[in-house]
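Since the structure comes first, as structure tokens, the remarks are kept for the end.
The values are calculated or read from the model by the stated rules, or taken from the named source; none is laboratory data. Predicted model only: the values in this text are computed from it and were never measured. Counting neighbours? That spans all protein chains shown, and the Cβs are built from the backbone with ideal geometry, glycine included. Protein only, heavy atoms only, side chains kept; ligands, DNA and RNA dropped before computing areas. Shrake-Rupley method; radii C 1.70, N 1.55, O 1.52, S 1.80 Å.
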Amino acid sequence: MAILIVTHSTDNESPRAVTRALEARGERVYRFDTDLFPTHIQLSLDEGGAGRLSGPAGVLELSEVSAVWYRRNSIGTRIPPEVDPQLRQPSLEESRRMVLGMIAALGVFQLDPLEVLRRAEHKPLQLKLARALGLEVPRTLMTNDPEAVRAFARSCPDGVVTKMMASFAVYGERGEEQVVFTTPLDAKHLEDLDGLDLCPMTFQERVEKALELRVTVVGDQVMAASIDSQASPGAREDWRREGLALIDEWKPYALPEPIRVRVLALMEALGLNYGAFDFIVTPEGRHVFLEVNPVGEFMWLMRNPGLPIHEALADVLTARPS
């Protein structure tokens with residue numbers, strides 16, 4: 001039997017770490033770099049869902065797959081860009097449908113099924129469920145209505161921050177990446193909200209921070225790490241602004257039991273086996289839920305503070321009790 005890891009060829013160290021953990025348990029691992037399909041990997045399926053993958057990682061009979069880790073998806077990105085757009089787009093869509101259809105037809109455990117991920121990533125649903133389960137959440141407004149934003153800001157005496165529901169970046173003329181981070185709004189910003197008619201945004205009350213947490217949940221294993229984002233001026237509103245500079249500053253964090261229980265309840269409500277939670281810890285010790293990323297990154301946390309997330313993933317993929 002084999003564990004199928006679905007990712008892409010430029011992914012970071014995480015799939016290799018999980019592969020080593022699985023191989024240490026005696027499992028065969030087949031890595032499917034989706035960016036190589038359909039140009040460098042061949043996939044065949046029949047009407048019963050049987051078939052095979054063949055490519056740089058060798059040959060895999062799909063009947064041998066016992067579990068799937070759906071990590072990343074870059075299907076069709078190697079299809080030459082100079083292909084006529086009228087042909088390239090259908091090629092991308094057919095490639096996507098074939099790969100996702102193959103995974104759906106396998107009938108094995110998936111970490112996590114695509115339809116579960118798509119539902120779980122909705123931020124309005126996350127906030128509603130989290131609040132219903134007893135987690136504290138910031139007052140939030142998601143809108144494209146400038147007047148609604150101004151009224152919301154007037155009701156937030158400690159200020160307002162804005163963010164996007166999805167990861168977002170723009171690229172300069174030289175290809176430099178400029179990520180859109182959580183940003184505080186001042187009076188000038190509130191005067192000029194005309195761009196909302198082209199793109200809705202999320203607005204939240206500003207919550208004072210003592211620490212920020214990344215809480216990684218795999219199955220029923222809950223692993224928390226903290227960062228003192230307030231020690232770095234550039235990271236105070238969003239630690240990711242100084243993510244590389246702070247990479248060695250993460251520390252293990254003992255999550256209070258009531259929060260741990262509610263985190264697991266939210267995982268169950270969303271149907272997830274894996275989730276990366278973001279929390280604020282206030283100076284008073286309150287834990288404020290921000291979001292959960294169903295496919296959130298974790299590589300840096302294996303390095304420091306040394307959370308065994310790869311081992312936990314291997315446990316779940318091999319159906320071992322945690």
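One residue is enough: does segment 262-282 have a residue meeting the conditions of a type outside the set (A, V, I, L, M), more than 23 Å from K123 (Cβ to Cβ) and open to solvent by less than 50 Å² (accessible area, probe 1.4 Å)? Break it down stepwise before answering.
Residues of segment 262-282 that are of a type outside the set (A, V, I, L, M), as a first pass: 262, 268, 271, 273-275, 277-279, 282.
The next check asks that each one be more than 23 Å from K123 (Cβ to Cβ); those that pass are none.
Looking for residues that are of a type outside the set (A, V, I, L, M), more than 23 Å from K123 (Cβ to Cβ) and open to solvent by less than 50 Å² (accessible area, probe 1.4 Å), one finds none in segment 262-282, hence no.
If I ask for residues that are touching a Lys or Arg at 6+ places or on another chain (Cβ under 7 Å), under 29 Å from E205 (Cβ atoms) and open to solvent by less than 50 Å² (accessible area, probe 1.4 Å), which ones from segment 283-322 would you list?
Listed by number, the list holds a single entry, L301.
Take the residues in segment 209-241 that are open to solvent by 50 Å² or more (accessible area, probe 1.4 Å) and within 19 Å of the chain's Cα centre (by Cα); name whichever of them is farthest from N293 (Cα to Cα).
R241
Are there strands (runs of 3 or more DSSP E) fully within segment 11-124 with at least 1 residues that are touching a strand residue (DSSP E or B) at 6+ places or on another chain (Cβ under 8 Å), within 26 Å of L313 (Cβ to Cβ) and among the acidic types (D, E)? List them. Explain how you work it out, then say what you get.
Values: elements: 28-33, 42-45, 51-55, 58-61, 65-70, 109-111.
Of the strands (runs of 3 or more DSSP E) lying wholly inside segment 11-124, those with at least 1 residues that are touching a strand residue (DSSP E or B) at 6+ places or on another chain (Cβ under 8 Å), within 26 Å of L313 (Cβ to Cβ) and among the acidic types (D, E) span 28-33, 58-61.
Name the residue, out of L111, L133, that is modelled with pLDDT of 90 or more, over 20 Å from the mean Cα position of the chain (by Cα) and of a type in the set (A, V, I, L, M, F, W, C).
Values: L111 fails: over 20 Å from the mean Cα position of the chain (by Cα).
Unique residue meeting the criteria: L133.
Does A21 meet the test of being in contact (Cβ under 8 Å) with a residue 12 or more places away in the chain, more than 23 Å from A276 (Cβ to Cβ) and in contact with an Asp or Glu (Cβ under 8 Å, 6 or more places away or on another chain)? Walk me through it before giving the result.
Numbers: in contact (Cβ under 8 Å) with a residue 12 or more places away in the chain: yes; more than 23 Å from A276 (Cβ to Cβ): no; in contact with an Asp or Glu (Cβ under 8 Å, 6 or more places away or on another chain): yes.
Against the criterion (in contact (Cβ under 8 Å) with a residue 12 or more places away in the chain, more than 23 Å from A276 (Cβ to Cβ) and in contact with an Asp or Glu (Cβ under 8 Å, 6 or more places away or on another chain)), A21 does not qualify.
This table checks each residue for (1) out of contact with any Leu (no Cβ under 7 Å at 6 or more places or on another chain); (2) closer than 30 Å to L264 by Cβ; (3) not aromatic (F, W, Y).
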position: D46; (1), (2), (3): yes, no, yes
position: V68; (1), (2), (3): no, yes, yes
position: E93; (1), (2), (3): yes, no, yes
position: F109; (1), (2), (3): yes, yes, no
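Working only within segment 181-202, note down all residues that are open to solvent by 50 Å² or more (accessible area, probe 1.4 Å) and either modelled with pLDDT under 65 or in a loop (DSSP other than H, G, I, E, B) (or both).
D186, D192, L198, C199, P200 - these are the residues of segment 181-202 that are open to solvent by 50 Å² or more (accessible area, probe 1.4 Å) and either modelled with pLDDT under 65 or in a loop (DSSP other than H, G, I, E, B) (or both).
Taking helices (runs of 4 or more DSSP H) that do not extend beyond segment 244-322, which have at least 3 residues that are within 20 Å of the chain's Cα centre (by Cα), under 22 Å from S232 (Cα atoms) and in contact (Cβ under 8 Å) with a residue 40 or more places away in the chain? Lay out the reasoning, then the answer.
On the way: elements: 257-270, 299-303, 309-317.
Helices (runs of 4 or more DSSP H) meeting the threshold: 299-303.
With (1) buried (at least 17 other Cβ atoms within 10 Å of the Cβ); (2) of a type in the set (G, A, S); (3) free of Cβ contacts under 8 Å to residues at least 60 places away in the same chain; (4) over 24 Å from S167 (Cα atoms) as the list, and G58 as the residue in question, which single condition is left unmet?
Single failed check for G58: (1).
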